[in-house]
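**Q** Here it is, the structure in full.
The values are calculated or read from the model by the stated rules, or taken from the named source; none is laboratory data. Remember, predicted model here, so these are calculated numbers, not experimental data. Here the Cβ is made from the backbone with ideal geometry for all residues, glycine too, and neighbour counts use every protein chain on show.
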Amino acid sequence: MSEPQTTTPWWRDAVVYQVYIRSFRDGDGDGDGDIAGLRSRLAYLADLNVDAIWINPWYPSPMADGGYDVADYRDISPMFGTMDEAEALITEAHGAGLRVLLDIVPNHTSDQHAWFQDALAAGPGSPDRDRYIFRPGTGTDGDAPPNDWRSVFGGEAWTRVTEADGSPGEWYLHLFAPEQPDLNWDDPRTRKEFEDILRFWFDRGADGFRIDVAHSLIKQEDLPDLGDRFGLLPSIDHPHWDRDEVHEVYRGWRKVADSYDPPRVFVAEAWLDDPVRMARYVRPDELHTTFNFVFLEAPWRADAMRSAVTRSLAEVGGVGAPIVWVLSNHDVARHVSRFARDQRNVAGFNLDAIMDLPADLELGLRRARAAVLLMLALPGSVYLYQGEELGLPEVEDLPEVRLTDPTWRRSGNTVRGRDGCRVPLPWSGDAPPFGFSTDAAATPWLPQPAGWHERTVETLDGDPASILNLYRSALRLRRELPALGDGTLTWLDADADVLAFARAPGFACVVNFGASPVPVPVDGRVLLRSDREAIDAPLQPDTAVWLRTSA
Ligand code: TEU
């Protein structure tokens with residue numbers, strides 16, 4: 001008879017560090033981060049006390065969308081290294097106590113993928129075309145797109161091809177860039193192919209996958225017009241977001257993951273604002289976890305944060321899944337810069353939504369220090385985005401000629417997009433590339449601000465009260481304290497501008513979102529505080545504190 005399981009599965013309370021590999025560390029001196037660079041810094045990650053890493057797409061790709069245009073799902077881009085290096089990385093990461101999650105992109109391939117090239121060559125009505133979503137145009141000459149869907153990056157979601165005989169041909173769907181044609185998930189060959197890709201990487205030691213735009217795979221069969229529903233958040237019965245049939249795909253993936261020992265895991269990137277819909281992806285026979293963007297989107301205000309936490313715990317917790325808390329990723333403005341703005345009138349979380357508002361970056365950094373103590377004390381799992389442990393701000397003034405986000409081009413050079421959160425990390429030294437490259441003369445693929453000598457790992461290492469050392473201490477305590485990680489929380493009475501909650505046994509977290517100092521409203525011994533004040537000082541504005549309590 002097998003023993004009852006008494007330990008929590010690792011993913012229920014894991015802290016996962018997101019590695020945007022092109023910008024993490026460059027091990028061959030060409031200005032692009034790579035696997036060699038990542039291998040050279042595994043000790044840094046282990047020392048940070050994280051449990052796992054998630055690596056953004058590292059497959060062969062023309063890089064029309066930062067690698068989310070995959071040309072071959074079973075190989076490594078020469079920009080990042082080789083298959084041998086990838087396997088060595090996974091082995092070494094495991095040796096350092098770090099699990100490895102990869103990124104799978106099932107909604108679309110690159111237009112350079114063999115399937116799409118075959119589809120173009122094979123012509124209308126062929127089985128090869130049926131792997132994607134090709135349709136004849138509308139209008140008198142078929143020169144208008146099949147419907148009114150829009151690309152997330154701007155412009156129409158359809159591009160017309162030229163057929164082999166030179167005539168204007170069918171149109172294909174791309175919810176993202178034209179270089180990212182959407183796959184047809186009604187085709188059993190697509191389903192089989194992706195289950196095989198999962199196995200390919202699981203067989204090589206990958207511990208799981210982050211699933212890119214997990215809620216977009218299925219399209220309503222007749223591809224109806226959106227009308228005025230574009231730009232709105234996914235609604236029930238939307239023709240291309242969050243359709244019910246997508247859950248069947250993930251039930252199949254779960255079976256593949258469960259056929260491994262130890263079982264492999266998934267985290268969904270399904271940008272849904274409704275925790276009720278979010279919860280459907282993490283029902284017991286589906287995915288393990290899903291990013292909680294409700295929390296990421298919340299402004300730095302007690303009421304907004306409390307409601308984001310409460311709603312998420314109720315709905316996602318209600319199906320038995322842990323919540324995945326996240327403050328930043330490679331798609332949004334870094335939270336130091338978001339929180340540097342007046343939080344009463346923030347219009348969004350992308351650079352373009354905030355860049356015209358006055359910024360106080362010192363305030364943003366103070367709030368970021370408090371925010372991570374809040375996040376790490378919440379029940380569930382946490383994803384950190386590389387560089388947040390250094391308190392990096394968004395780079396808001398990248399020269400226009402250096403912008404690579406497809407949004408920039410597709411918006412007619414009006415929407416700057418996401419490059420500003422993807423600038424290569426500063427490791428050491430006084431001048432760019434700040435130890436990012438093994439070659440000090442290398443030019444990083446995006447320019448680093450000159451002032452980043454203050455934000456290098458080397459500089460922050462030497463300051464016991466730096467944000468980097470705060471992250472290390474908090475992550476160590478999170479591992480040591482049985483109250484933290486998976487579980488539940490109890491709200492404690494506090495002023496309207498203060499959030500206070502208890503976790504059993506014997507732990508409390510208090511955050512002051514208000515404009516004046518408050519006495520700590522909980523009895524206990526302070527373990528850690530986000531500011532540099534004496535351990536028993538009143539709680540300053542925009543700070544957080546962790547306490548050991550007797551309760
Ligand atoms: O993102 C999905 C997505 O819809 C948004 O994150 C969107 O890209 C962003 O809000 C635009 O400002 C995923 C990836 O995380 C992203 O990097 C890719 O570009 C996208 O899918 C397409 O693969």
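**Q** Any residue that is within 16 Å of the ligand (Cβ to nearest atom), modelled with pLDDT of 95 or more and surrounded by fewer than 24 Cβ atoms within 10 Å (Cβ to Cβ) - is there at least one of those in the stretch 354-377?
**A** Yes, the conditions are met somewhere in the stretch 354-377.
**Q** Related question: Considering Tyr250, Tyr260, which residue is in contact with an Asp or Glu (Cβ under 6 Å, 6 or more places away or on another chain), under 24 Å from Ile211 (Cβ atoms), more than 16 Å from the ligand (Cβ to nearest atom) and outside the structural domain of Val511 (by TED's automatic domain parsing)?
**A** Among Tyr250, Tyr260, only Tyr250 is in contact with an Asp or Glu (Cβ under 6 Å, 6 or more places away or on another chain), under 24 Å from Ile211 (Cβ atoms), more than 16 Å from the ligand (Cβ to nearest atom) and outside the structural domain of Val511 (by TED's automatic domain parsing).
**Q** For the stretch 152-178, which residues satisfy the criterion of being free of Cβ contacts under 8 Å to residues at least 40 places away in the same chain, part of a loop (DSSP other than H, G, I, E, B) and away from the ligand (no atom under 16 Å from the Cβ)?
**A** Correct list: Asp165, Gly166, Ser167.
**Q** Give the residue, chosen from Val294, Val276, Val309, that is within 15 Å of the ligand (Cβ to nearest atom), within 25 Å of Leu499 (Cα to Cα), in a helix (DSSP H, G or I) and touching a residue at least 12 places away in the same chain (Cβ under 8 Å).
**A** Val294
**Q** Still on this structure, I have one more. On the basis of being assigned to a loop (DSSP other than H, G, I, E, B), under 20 Å from the mean Cα position of the chain (by Cα) and not small (Gly, Ala, Ser), does Tyr73 make the cut?
**A** Working: assigned to a loop (DSSP other than H, G, I, E, B): yes; under 20 Å from the mean Cα position of the chain (by Cα): yes; not small (Gly, Ala, Ser): yes.
Criteria met by Tyr73.
**Q** On the basis of being in a helix (DSSP H, G or I), buried (at least 16 other Cβ atoms within 10 Å of the Cβ) and in contact (Cβ under 8 Å) with a residue 12 or more places away in the chain, does Leu198 make the cut?
**A** On the way: in a helix (DSSP H, G or I): yes; buried (at least 16 other Cβ atoms within 10 Å of the Cβ): yes; in contact (Cβ under 8 Å) with a residue 12 or more places away in the chain: yes.
So Leu198 passes the test.
**Q** Can you report the number of residues in the stretch 179-193 which are buried (at least 22 other Cβ atoms within 10 Å of the Cβ) and part of a helix (DSSP H, G or I)?
**A** Within the stretch 179-193, residues that are buried (at least 22 other Cβ atoms within 10 Å of the Cβ) and part of a helix (DSSP H, G or I) number 0.
**Q** Further question on the same structure: Of the residues Gly412, Gly348, Gly417, which is over 22 Å from Phe291 (Cβ atoms) and either at pLDDT below 95 or not in a helix (DSSP H, G or I) (or both)?
**A** Only one candidate qualifies: Gly412.
**Q** Return the residues of the stretch 94-118 that are under 20 Å from the mean Cα position of the chain (by Cα) and of a type in the set (A, V, I, L, M); say none if nothing qualifies. Can you show your working first?
**A** Start the filter on the stretch 94-118 by keeping residues that are under 20 Å from the mean Cα position of the chain (by Cα), which leaves 98-109.
Those that are under 20 Å from the mean Cα position of the chain (by Cα) and of a type in the set (A, V, I, L, M): Leu98, Val100, Leu101, Leu102, Ile104, Val105.
**Q** Could you check Trp58 against (1) of a type outside the set (Asp, Glu); (2) crowded, with 22+ Cβ neighbours inside 10 Å; (3) in contact (Cβ under 8 Å) with a residue 60 or more places away in the chain and say which number it fails?
**A** With (1) of a type outside the set (Asp, Glu); (2) crowded, with 22+ Cβ neighbours inside 10 Å; (3) in contact (Cβ under 8 Å) with a residue 60 or more places away in the chain applied to Trp58, the lone miss is (3).
**Q** Something else about it: Considering Ser428, Ser411, Ser437, which residue is touching a Ser or Thr at 6+ places or on another chain (Cβ under 6 Å) and either small (Gly, Ala, Ser) or not assigned by TED's automatic domain parsing to the domain that holds Ala64 (or both)?
**A** Criteria check complete, one pass: Ser428.
**Q** Looking at Ala515, Ala500, Ala508, Ala544 in this structure, which one is touching a Leu at 6+ places or on another chain (Cβ under 8 Å) and under 23 Å from Ala340 (Cβ atoms)?
**A** Answer to the check: Ala544.
**Q** Then there's this: Exactly one condition in (1) away from the ligand (no atom under 16 Å from the Cβ); (2) buried (at least 23 other Cβ atoms within 10 Å of the Cβ) is false for Glu400; which is it?
**A** (2)
**Q** Would you mind listing the strands (runs of 3 or more DSSP E) fully within the stretch 459-551 where at least 2 residues are of a type in the set (Gly, Ala, Ser) and surrounded by 16 or more Cβ atoms within 10 Å (Cβ to Cβ)? Quick ask: steps written out before the conclusion?
**A** Working: elements: 498-503, 507-512, 525-529, 543-548.
In the stretch 459-551, 498-503 are the strands (runs of 3 or more DSSP E) which contain 2 or more residues that are of a type in the set (Gly, Ala, Ser) and surrounded by 16 or more Cβ atoms within 10 Å (Cβ to Cβ).
**Q** Given the condition under 27 Å from Ala14 (Cα atoms) and either within 16 Å of the ligand (Cβ to nearest atom) or part of a loop (DSSP other than H, G, I, E, B) (or both), answer yes or no: does some residue in the stretch 111-124 qualify?
**A** Taking every residue of the stretch 111-124 in turn, none turns out to be under 27 Å from Ala14 (Cα atoms) and either within 16 Å of the ligand (Cβ to nearest atom) or part of a loop (DSSP other than H, G, I, E, B) (or both).
**Q** Give Asp141, Asp148, Asp228 a once-over and let me know the one that is away from the ligand (no atom under 16 Å from the Cβ) and over 27 Å from Ser411 (Cβ atoms).
**A** Asp141
**Q** Conditions: (1) more than 16 Å from the ligand (Cβ to nearest atom); (2) modelled with pLDDT under 95. Pro234 meets all but one. Number of the miss?
**A** Condition not satisfied by Pro234: (1).
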